[in-house]
1. Given the conditions (1) part of a loop (DSSP other than H, G, I, E, B); (2) small (Gly, Ala, Ser); (3) at pLDDT below 60, report the number of the one that ALA20 does not fulfil.
2. Criterion first (modelled with pLDDT under 80 and in contact with a Lys or Arg (Cβ under 9 Å, 6 or more places away or on another chain)) does GLU133 satisfy it?
3. Taking the condition of being surrounded by fewer than 24 Cβ atoms within 10 Å (Cβ to Cβ), over 16 Å from the mean Cα position of the chain (by Cα) and part of a helix (DSSP H, G or I), how many residues in the range 269-306 meet it?
4. Please give the number of the condition ALA260 fails out of (1) surrounded by fewer than 20 Cβ atoms within 10 Å (Cβ to Cβ); (2) in a loop (DSSP other than H, G, I, E, B); (3) of a type in the set (A, V, I, L, M).
5. Look through the range 217-236, keep the residues that are among the aliphatic types (A, V, I, L, M) and modelled with pLDDT under 85, and return whichever of them is nearest to SER168 (Cα to Cα).
6. Answer yes or no as to whether VAL247 is part of a loop (DSSP other than H, G, I, E, B) and either within 23 Å of ARG181 (Cα to Cα) or of a type outside the set (S, T, N, Q) (or both).
7. Would you mind stating whether GLY108 is modelled with pLDDT of 90 or more, under 21 Å from TYR62 (Cβ atoms) and more than 18 Å from the chain's Cα centre (by Cα)?
8. Within the range 183-204, track down each residue that is crowded, with 24+ Cβ neighbours inside 10 Å, assigned to a helix (DSSP H, G or I) and not hydrophobic (A, V, I, L, M, F, W, C).
Amino acid sequence: MFPKSLLAVGVAVSAVSVSALAGVEWDPSTPPPPYVLATPPSVARPGTVGAIADNSNNMSAYGPAVTWEVNNDGFSNYSIGTTVLGTTLEVGSSTTTPITGTARPQFGSSAWIRAGYAPGGSMISMQWRTATEAEFYGSSASVDMSGGGPLPDSGPWNTLGSDVLKISGMVATGAVDSQGRLPTNAYTLEMTFDPNIIVAGYQNYETFGWTISDIVNAGEMQLGYFDPSTGVWTKEINVITQGAQSVQNFQGSWAAFAAATGANDSNLANFVGSWGLVIDSADPTNSRIWAVLDHTSSYAVVPAPGAIALLGAAGLIARRRRKD
């Protein structure tokens, strides 16, 4: 394990606010304002190609696969990444529309495989879908405060912070386990997310006034995995075998982490379970979260605003305001 001082290396986290939420404290039964993506992407982000996300409100349906062949090499030598530039919905025939972010959150997310190794002939693919009605705040399908629904600590304030990515084609190192995970060689996945919707999900009677910095420092936002055996998203990094040199909540990009630790394609197994994130204050929707993983599944950015018991910082607890 690396010393705590290492966690300060990288890009500093800065606060991101939602202007419409200023001074507002909602009752949990009142739906929050609709989510609208500020600037839908029109071109793929650097190192990615365009992709289409399924928008049929089906947790099992994904858009067309984008595939790369890896020839006995490290992933850092390839540009393996996609950006969601549109959505498709089957209504008699397939139609493609630009990202709008109106009916349900559509983030125009990007994802990259930053590091790892695969033998020759490996076919790596990425597929996308948008969040379903049960996976974003204000949904009638996710209002059970006792924890029912696909999101952890489900309630009307929970929401995914990105589109949902499905990865396949990694070389398997074992059989699918009871949690639906296919063990693979270690690899690093990095995804973009929108801090604004994360902050909005925290503006309830328990966590009113939290900034993105508060959420990040509490370790409440991570790259979650969907467990098909339970039908619930995890709210923490989920791996099969934790690496001996794993580091959690590194506040910086994958590139900054790799530079600070020496993590690379060949030694990545030592860092399995590591994760971190960086907030882009100039372009919030370019903010990124990454994790070193050892299985292929479906992934998204998953906060946990209902996990109040997990809060450890006295200063954060003091910020909470509760209704009488």
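The values are calculated or read from the model by the stated rules, or taken from the named source; none is laboratory data. A quick note: this is a predicted structure, and the numbers were derived from the prediction, not measured. We place every Cβ from the backbone using ideal geometry, glycine too, and count neighbours over all the protein chains shown.
1. Single failed check for ALA20: (1).
2. Spelling it out, it is not the case that GLU133 is modelled with pLDDT under 80 and in contact with a Lys or Arg (Cβ under 9 Å, 6 or more places away or on another chain).
3. 2
4. Against the list (1) surrounded by fewer than 20 Cβ atoms within 10 Å (Cβ to Cβ); (2) in a loop (DSSP other than H, G, I, E, B); (3) of a type in the set (A, V, I, L, M), ALA260 comes up short only on (2).
5. MET221
6. Answer is yes for this residue.
7. No: the conditions fail for GLY108.
8. PRO195, GLY201
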